[in-house]
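Single-structure report; data block below.
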Amino acid sequence: RLTAMAPLVDVHTHVYLPRYASWLRSRSIAPRIMVNEAGEERLLILEKETSAGRPVGPNYWDRNAKLSFMDEYGIDISIVSFANPWLDFLSPADAGSLARDLNADLEEYCTTGPSLASSPPLKRLYGLGLLPLVPGIPIPTILEAVTQVAQAPHLKGVIMGTKGIGKGIDDDALDPVWEAIEKTGLIVFLHPHYGVDSSAWGEKENGHVLSLALGFPFETTTAITRFILSAAFDRFPFLKILLAHSGGTLPQLSSRLASCIDHDPIVASRLKHDARFYLGKLWFDAVAYGPEELGFVSEVISRAERYETGASNPKSLAARIEDHPFFPPLSPNEKWKSVVENLDAIDSVAGWDQNERDGVRGHNALTFFNIQ
Ligand code: 5CU
């Protein structure tokens with residue numbers, strides 16, 4: 001398949017490996033996996049969750065289920081990452097040891113998985129490990145995890161939430177971590193979990209719609225904007241950060257951000273470049289659910305890349321097909337609607353030629369994750 005057409009590489013697909021699922025089952029408060037009155041397992045992910053939880057099953061932990069899903073949608077390679085809320089709820093000691101064990105589990109999951117009939121033979125599964133980012137953790141424990149991930153042949157980076165070790169990812173205390181990550185060349189996949197203050201959502205019962213559709217992207221936008229404003233990219237210019245959900249709302253707001261910075265002497269004097277320059281350093285998954293939105297994100301990224309390199313062809317947009325195992329179809333025999341929508345979007349962005357479509361389907365991701 002790989003030689004016949006551009007590979008389809010999914011950069012945003014999650015797992016709860018069995019060890020993590022067991023941990024969730026052992027808990028009596030969220031995040032937890034519980035059994036409901038009908039005897040079915042349910043995932044309760046947030047403390048304030050009012051619903052009876054989400055269905056959870058083998059799609060979350062069974063590698064064969066992941067591979068069947070990939071086969072059904074023609075996905076050649078998946079860059080598998082741990083799903084939220086990662087280790088956020090653990091004590092420093094538990095977070096440190098679970099990170100070690102889960103990173104080893106994920107490497108094993110990828111190494112012992114199948115390969116493609118390609119030359120050279122690429123694996124079908126690569127992974128993004130975990131760092132024990134919790135309040136009170138000694139920085140050297142985080143650095144050990146960076147080293148562990150960097151030494152694992154099939155782990156290409158780490159996934160992390162927006163809290164850092166309690167004060168966010170713009171916390172100066174994290175500088176040694178960014179420095180180590182930059183040195184190893186690992187990718188950081190920045191992903192939301194908490195949304196934003198839910199008092200904005202009003203009193204009507206809207207299920208998870210507002211927190212997923214708006215809260216998630218706003219959380220990512222705030223975190224990466226704070227990171228940019230802290231001048232972290234001036235200190236660590238070679239960091240490679242991939243943003244979930246096509247960068248939240250950052251592409252839409254980047255020029256407004258640049259203008260607000262220009263009008264604020266304190267922040268402006270802290271940064272070496274225009275805000276849009278830093279956008280050119282970021283990577284974006286291609287989840288936009290519509291060709292117009294995807295085309296828009298790609299145009300904003302292209303402009304940002306021109307600030308940095310003068311290049312005109314967006315290289316930093318990589319296929320994310322669907323948040324497997326989140327968003328399954330509501331009835332079992334249906335197709336995963338969002339998979340189909342995201343693939344259709346890649347195929348129908350106005351003005352993209354085959355080269356650009358192939359880039360977003362897989363070539364960009366292979367380069368970014370250094371999969372050769
Ligand atoms: O849309 C998403 O990315 C997700 C996710 O990763 N985790 C989750 O709990 N819901 C939606």
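Where a number appears in this text, it was derived from the coordinates with a stated rule and is not lab data. Note that the coordinates shown come from a computational prediction; the quantities given were computed from them, not determined experimentally. All Cβ positions, glycine included, derive from the backbone under ideal geometry; neighbour counts span all protein chains shown.
Ignoring the sites themselves, what is the longest stretch of the chain with no GluC sites (Glu not before Pro) in a DSSP loop and at most 14 other beta-carbon atoms within 10 Å? List each step's numbers first, then the result.
Details: sites that count: Glu37, Glu40, Glu47, Glu203, Glu205, Glu334.
Counting at most 14 other Cβ atoms within 10 Å as exposed, the longest clean stretch of the chain is 48-202.
Using θ = phi - 60° and the Karplus form 6.51 cos²θ - 1.76 cosθ + 1.60, what ³J(HN,Hα) does each residue of segment 142-148 get, whole Hz, x for Gly and Pro?
These are the phi-based 3J(HN,Hα) values: 5, 5, 4, 5, 4, 5, 4 Hz.
What number, in percent, do you get for the relative contact order of the chain if the mean sequence gap of Cα pairs under 8 Å and at least 6 apart is divided by its residue count?
Numbers: 659 pairs, mean separation 60.2, N = 372.
16 percent.
Consider just the alpha-carbon atoms of the chain and return their Rg together with their Dmax, both in angstrom.
19.8, 60
List every residue whose amide H lies under 5 Å from the amide H of Gly127, counting only residues 5 or more places away in sequence or on a different chain, with H placed 1.01 Å from N in the peptide plane.
Val80, Leu155, Lys156
How much of the DSSP bridge set in the chain is antiparallel, in percent, rounded to the nearest 5? Display every interim value, and only then the final one.
On the way: 7 of 32 bridges.
Within the chain, antiparallel bridges account for around 20 percent of the total.
When the helix-only estimate is applied to the chain (DSSP H runs of n ≥ 4, each -39,500 (n - 2.57), divided by the residue count), what is the mean residue ellipticity at 222 nm, nearest 500 deg cm²/dmol? Let's see the in-between values first.
Numbers: 15 runs with 146 residues, N = 372.
For the chain, the value works out to -11500 deg cm²/dmol.
Using only C-alpha positions, report the orientation-averaged shadow area of the convex hull of segment 221-286, nm², one decimal. Write down the numbers at each step before the final one.
On the way: hull surface 15.9 nm².
If I average the Cα hull's projected area over directions, I get 4.0 nm².
Tell me which trypsin sites (Lys or Arg not before Pro) from segment 106-183 have a DSSP coil assignment and no more than 16 other beta carbons within 10 Å of their own.
Numbers: sites: Lys123, Arg124, Lys156, Lys163, Lys167, Lys183; in loops: Arg124, Lys163, Lys167.
Counting only loop positions with at most 16 other Cβ atoms within 10 Å, the trypsin sites (Lys or Arg not before Pro) in segment 106-183 are Lys167.
Which value in Å is the Kirkwood Rh of segment 122-250 over different Cα pairs? Working shown, then result.
Numbers: mean 1/r = 0.0641 Å⁻¹.
Mean inverse Cα-Cα distance, inverted, gives 15.6 Å.
Can you list the HN-Hα couplings for segment 349-365, worked out from phi with the Karplus curve (6.51, -1.76, 1.60; θ = phi - 60°), rounded to whole Hz and with x for Gly and Pro?
Result, rounded to whole Hz: 5, 5, x, 7, 8, 4, 4, 5, 4, 5, x, 6, 4, x, 4, 4, 5.
Which value in Å does the Kirkwood hydrodynamic radius of segment 204-257 take, with 1/r averaged over all unlike C-alpha pairs and then inverted? Numbers along the way, then the final one.
Numbers: mean 1/r = 0.0807 Å⁻¹.
Averaging 1/r across every pair of different Cα atoms and inverting gives 12.4 Å.
How large is the convex hull of the C-alpha atoms of segment 6-154 per residue, in Å³? Write down the numbers at each step before the final one.
Working: hull volume 18.5 nm³, N = 149.
Convex hull of Cα atoms, per residue: 124 Å³.
Could you tell me the convex hull volume per residue, in Å³, taken over the Cα atoms of segment 88-160?
Details: hull volume 5.4 nm³, N = 73.
Per-residue hull volume (Cα only) is 74 Å³.
What whole-number distance in Å separates the alpha-carbon centres of segment 336-366 and segment 43-86?
When both Cα centres are located, 22 Å separates them.
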